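Accompanying notes for the structure given below.
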Amino acid sequence: MKFGGTSMAGTERIRRVANIVRRQQAAGHEVAVVVSAMAGETDRLINFCREANAIYDPAEYDVVVASGEQVTSGLLALTLQSLGCKARSWLGWQMPMKTVEGHSKARVETIDAPDMIASLERGEIAVIPGFQGVSGEGRIATLGRGGSDTSAVAVAAAIGADRCDIYTDVDGVYTTDPRIVAKARKQKAVTYEEMLELASVGAKVLQTRSVGLAMKEGVRVQVLSSFIDDDSTPADEFPGTLIVSDEEMEQILKDSDMERQHVTGIAHDKNEAKIILTRVPDKPGAVAHIFEPLAGASINVDMIIQNVGRDKGETDVTFTVPQADLARAQALLEDKRADIGFNRIITDDHIAKISVVGVGMKSHAGVASTMFSALADRGINIQAITTSEIKVSVIIDEDETELAVRVLHTAYGLDASDETA
Ligand code: ADP
Ligand code: ASP
Ligand code: MG
């Protein structure tokens with residue numbers, strides 16, 4: 001079981017969580033629980049790091065930000081004990097959960113937890129702080145924002161759990177963020193492939209890595225609400241959304257006599273920024289000169305467009321990078337101005353990426369053109385486009401994000417009917 005920040009925000013909420021955990025144990029399960037820091041706490045801690053030192057050491061950053069989860073894991077263990085349950089916390093280094101790839105965005109490598117498994121078998125509830133592990137050098141490492149989802153899936157895989165229930169502040173995965181579109185529909189199931197794509201383009205309900213790991217390890221994942229009463233449908237009867245394999249999805253659709261939709265979901269991401277380099281020489285090797293330094297600095301480039309040369313022998317190159325890396329990218333490119341040979345560098349962080357995702361696109365033409373006409377009808381200008389087998393993404397002005405998501409949700413026939421909305 002994993003509980004997110006809103007579910008852990010304060011001792012009253014933690015008591016509700018403890019009750020949900022106790023009910024699962026009473027239903028006959030052995031339970032390991034992964035917890036997030038209280039809502040807002042990680043942001044608060046990151047701000048302290050920034051105030052202390054503008055260019056902070058990621059290893060010390062990890063020491064600071066991992067503390068939020070240490071607090072909530074201890075508090076949940078205490079609360080469970082107050083309800084008469086046997087419970088103890090297992091910090092990242094105590095399990096241990098070993099990580100690789102440095103700090104602030106580390107990756108889980110192994111969890112070898114014989115002591116914790118023995119404790120579970122004695123009927124003790126294991127409470128595990130999410131987000132944190134221990135590096136090869138024996139230092140605290142964190143798994144990137146939203147990383148407690150990945151902690152939960154990794155623990156589930158390591159202990160061979162029957163299921164990984166991700167409890168959050170919405171009752172499942174919807175056709176789009178239900179906080180933006182009131183008529184978004186809750187899905188009974190979503191495939192790993194679709195959820196991976198949705199998460200990677202901004203649906204923050206699950207961290208992308210957690211979905212990749214669940215797919216690789218075959219962990220059964222359910223997303224469900226922690227804001228429930230004692231008489232709500234129990235987790236074992238699947239009140240939330242299941243993340244399933246393609247074969248299982250076919251079976252679910254067959255059993256409920258439903259057809260697969262072309263579009264499963266719509267996501268948005270306001271955390272990208274656009275860079276335009278003007279008058280780049282239109283010759284072999286020019287693009288390599290631009291992207292080599294960025295790759296060397298681990299800056300992820302997402303969309304790339306090379307415009308048709310406007311003057312003979314010159315072209316403009318447009319691409320996007322994470323907003324957080326914009327200043328670094330700009331400095332690197334300025335440094336290489338002579339090698340690349342561009343004229344001007346223009347940046348814009350006031351953009352949003354809107355994506356439509358669905359496995360049904362593989363066998364159905366016209367999904368992209370529906371998107372372009374629906375946006376055009378509302379006068380929303382498209383600045384860049386990319387596609388994959390199961391996704392179409394566009395860049396638009398950030399101010400038009402919510403409008404675009406709503407318009408597309410309607411255009412693909414995803415709106416819930418008024419009785420069910
Ligand atoms: P937690 O703190 O529990 O990890 P998050 O805030 O990380 O919770 O994720 C839950 C949020 O994800 C929801 O409150 C919702 O606004 C957002 N969200 C974005 N896209 C979707 C979607 N397609 N379905 C459900 N929730 C979504
Ligand atoms: N507390 C961390 C964050 O806010 C990890 C998580 O909650 O998933 O990113
Ligand atoms: Mg989250």
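Tally up the carbon and sulfur contribution to the accessible surface of the stretch 245-316 as a whole percent, 1.4 Å probe, everything protein left in place.
Values: 2000 of 4200 Å².
Looking at the stretch 245-316 in its full context, I get 48 percent from C and S.
With Kirkwood's inverse mean 1/r over C-alpha pairs for Rh, give me the Rg to Rh ratio of the stretch 77-120, two decimals please.
Details: Rg = 13.6 Å, Rh = 12.1 Å.
Rounded to two decimals, Rg over Rh is 1.12.
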remark   = Karplus ³J(HN,Hα) for the stretch 381-394 (6.51 cos²θ - 1.76 cosθ + 1.60, θ = phi - 60°; Hz, whole; x = Gly/Pro) runs 8, 9, 9, 6, 9, 9, 9, 10, 4, 10, 8, 10, 10, 10
ask   = Relative contact order for the chain using alpha-carbon pairs under 8 Å, separation at least 6, rounded to a whole percent?
value = 13
inquiry  = Could you report the chain's accessible area per residue, 1.4 Å probe, as an integer in Å²?
reply    = 47
task = May I ask for log10 I(q)/I(0) of the stretch 169-279 at q = 0.15, 0.16, 0.21 Å⁻¹, from a Debye sum over the Cα atoms as equal point scatterers with solvent left out?
result = -0.70, -0.78, -1.26
request  = As a check on your grasp of the helix formula, calculate [θ] at 222 nm for the chain: sum -39500 (n - 2.57) over DSSP H runs of n ≥ 4, divide by the residue count, round to the nearest 500.
outcome  = -10500 deg cm²/dmol
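If packing is taken as the average count of other Cβ atoms within 10 Å, what order do 233-246, 68-81, 93-106 fall into, highest mean first?
On the way: 233-246: 17.3, 68-81: 21.9, 93-106: 19.4.
Peptide ranking by packing, descending: 68-81, 93-106, 233-246.
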query = So what's the Cα pair-distance distribution over the stretch 1-88, bin width 10 Å, in %?
reply = 17, 43, 24, 13, 3
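Beyond a 24 Å Cα-Cα separation, which of these cross-linked pairs lie in this structure: LYS98/LYS270; LYS86/LYS186; LYS270/LYS336; LYS186/LYS254; LYS105/LYS362; LYS274/LYS362? Intermediate results must be reported in sequence, preceding the final value.
Numbers: LYS98/LYS270 32 Å; LYS86/LYS186 35 Å; LYS270/LYS336 28 Å; LYS186/LYS254 18 Å; LYS105/LYS362 32 Å; LYS274/LYS362 29 Å.
As for pairs spanning more than 24 Å Cα to Cα, those are LYS98/LYS270; LYS86/LYS186; LYS270/LYS336; LYS105/LYS362; LYS274/LYS362.
Rounded if a/c is under 1.5, else prolate if a/b is larger than b/c, else oblate: which is the stretch 364-421, with a ≥ b ≥ c the root eigenvalues of its Cα gyration tensor?
Numbers: a/c = 2.05, a/b = 1.29, b/c = 1.60.
Oblate is the answer for the stretch 364-421, as a/c is 1.5 or above yet b/c matches or exceeds a/b.
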key: Karplus 3J(HN,Hα) series, Hz, for the stretch 211-223 with 6.51 cos²θ - 1.76 cosθ + 1.60 (x for Gly, Pro)   = 6, x, 5, 4, 5, 5, 8, x, 7, 6, 10, 10, 9
ask   = Sequence-distant or interchain residues sharing an amide H contact under 5 Å with VAL34, placed H: which?
value = LYS2, PHE3, ILE128
ask   = Out of ARG139, ARG13, ARG279, any idea which swings most in a Gaussian network model of the chain, alpha carbons joined below 10 Å?
value = ARG279
message = Give me the dipole magnitude in Debye, nearest 20, for the stretch 46-196 about the Cα centre, with unit charges on the beta carbon: positive for Lys and Arg, negative for Asp and Glu.
response = 460
ask   = Which of THR264, GLN207, VAL173 sits farthest toward the positive end of the charge dipole of the chain, with +1 on the Cβ of Lys and Arg and -1 on the Cβ of Asp and Glu?
value = GLN207
note = One would report the Cα pair-distance distribution of the chain, bin width 10 Å, in %, as 4, 20, 28, 25, 16, 5, 1, 0
Sequence-distant residues sharing a close amide H with THR191 (under 5 Å, placed H) = VAL244
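For the chain, with only Lys/Arg (+1) and Asp/Glu (-1) charged at the beta-carbon, what is the dipole magnitude about the Cα centre, in debye rounded to 20?
Working: 43 positive and 62 negative charges, 96 e Å.
Using only the charged Cβ atoms, the result is roughly 460 debye.
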task = Read phi for every residue in the stretch 324-330 and hand back ³J(HN,Hα) as whole Hz from Karplus 6.51 cos²θ - 1.76 cosθ + 1.60, θ = phi - 60°, with x for Gly and Pro.
result = 5, 9, 4, 4, 5, 4, 4
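The values are calculated or read from the model by the stated rules, or taken from the named source; none is laboratory data. This is a predicted model, so every value here is computed, not measured. Methodologically, a virtual Cβ is constructed for each residue, glycine included, from the backbone with ideal geometry; neighbour enumeration extends over all protein chains shown. Side chains are part of the model used for accessible areas, which takes the heavy atoms of the whole protein and leaves out ligands, DNA and RNA. Shrake-Rupley method; radii C 1.70, N 1.55, O 1.52, S 1.80 Å.
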